[in-house]
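Bear in mind that the values in this text are calculations on the coordinates, not laboratory data. For clarity, every value in this text was computed on a predicted model and none was experimentally measured. Reconstructed Cβ throughout: ideal geometry from the backbone, glycine too, with neighbour counts over all protein chains shown.
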Amino acid sequence: MPTIERGQDGVTTEYSDVAVAGDGVERLLTELFSEHWDKLTVGPLIEGAAYEIRFAARPTVTMLDGYLTVDTGVWHFHLCVNDHRGAPTAELAQVRRVARAAFFRSDGDSCSPSTWGLRLWNGRGEQMITVLFPNAHFDESWRRLAEPRWEKTALWEDLKRRYAGD
């Protein structure tokens with residue numbers, strides 16, 4: 001069941017949660033970063049900071065001890081998306097692992113009328129990453145379109161249907 005949050009800035013965000021037990025999040029992210037890397041913008045988006053990173057080439061995606069590594073060769077990042085046995089305590093392993101994953105659509109932002117994405121949080125409720133999907137209101141160079149191109153939301157809609165059941 002989707003949940004709706006209204007931010008202090010007036011932005012309304014509807015979240016559709018993805019089950020985090022098992023390897024579903026691992027499979028979803030592997031698909032995203034292996035097959036759709038050229039359509040994505042990624043990074044944490046928090047109040048006061050937005051890392052909007054795009055891939056110039058296909059990254060290498062690997063798994064080790066619950067951590068998915070996305071490596072461009074020049075830089076990389078790790079996300080704990082599955083069971084992690086290398087933590088000093090079981091409690092710390094739970095904090096590190098993704099505790100919530102949700103597809104979202106935000107409306108009313110000053111930067112874009114709508115935004116389509118996927119967000120992950122750890123066991124402390126801290127944002128791990130936001131993945132932004134192609135936006136119907138912008139072209140591939142992030143220039144505003146005169147008319148929305150709704151077909152650009154097809155990837156988000158397909159993955160949301162398959163992984164969140166919506």
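Taking a label point 7 Å from the Cα of residue 121 along the Cα→Cβ vector, which residues of region 10-29 have an amide N closer than 15 Å to it? Backbone N within reach: 13-20.
Look at where the Cα atoms of region 1-40 and of region 134-166 average out, and the two centres are 13 Å apart.
Taking label points 7 Å from Cα along the Cα-to-Cβ direction, residue 74 and residue 166 give a separation of 3.4 nm.
Helix-only arithmetic for the chain: the sum of -39500 (n - 2.57) across DSSP H runs with n ≥ 4, divided by the residue total, places the mean residue ellipticity at 222 nm at -5500 deg cm²/dmol. Counting Lys +1, Arg +1, Asp -1, Glu -1, what net charge surrounds residue 37 among other residues with beta carbon under 14 Å of its beta carbon? That works out to -2. Name the shape class, rounded, prolate or oblate, that the alpha-carbon gyration tensor gives for region 31-116, where a ≥ b ≥ c are the square roots of its eigenvalues, rounded holds for a/c under 1.5, and otherwise prolate holds if a/b is larger than b/c and oblate otherwise. In terms of gyration-tensor shape, oblate. Lys and Arg at +1, Asp and Glu at -1: add these up for the other residues within a Cβ distance under 10 Å of residue 113 and post the number. Taking every Cβ under 10 Å from that of residue 113, the sum is -1. Between residue 1 and residue 151, the distance separating the two model label sites (each 7 Å from Cα on the Cα→Cβ line) works out to 3.7 nm. If you take all other residues with their beta carbon under 12 Å from the beta carbon of residue 6, and give Lys and Arg +1 and Asp and Glu -1, the sum is -4.
Projecting the Cα positions of 53, 19, 77 onto the charge dipole of region 1-110 (unit charges on Cβ atoms of Lys, Arg, Asp and Glu, taken about the Cα centre) puts 77 furthest along the positive direction.
Under a model in which nothing but the beta-carbon of Lys, Arg (+1) and Asp, Glu (-1) is charged, region 51-166 shows a dipole of about 120 debye around its Cα centre.
Stretched out straight at 0.36 nm per residue, the stretch from residue 27 to residue 50 would grow longer than its current Cα-Cα span by 5.7 nm.
Take every pair of alpha-carbon atoms less than 8 Å apart whose residues are at least six positions apart; their mean separation over the length of the chain yields a relative contact order of 21 percent. Does region 103-166 come out rounded, prolate or oblate, given a ≥ b ≥ c as the square roots of the eigenvalues of its C-alpha gyration tensor, rounded meaning a/c under 1.5 and, failing that, prolate meaning a/b above b/c? It comes out oblate by the Cα gyration axes. Taking every Cα-Cα distance in the chain and sorting them into 5 Å bins from zero, the calculated P(r) comes out as 2, 8, 16, 22, 21, 17, 9, 4, 1, 0, 0 percent.
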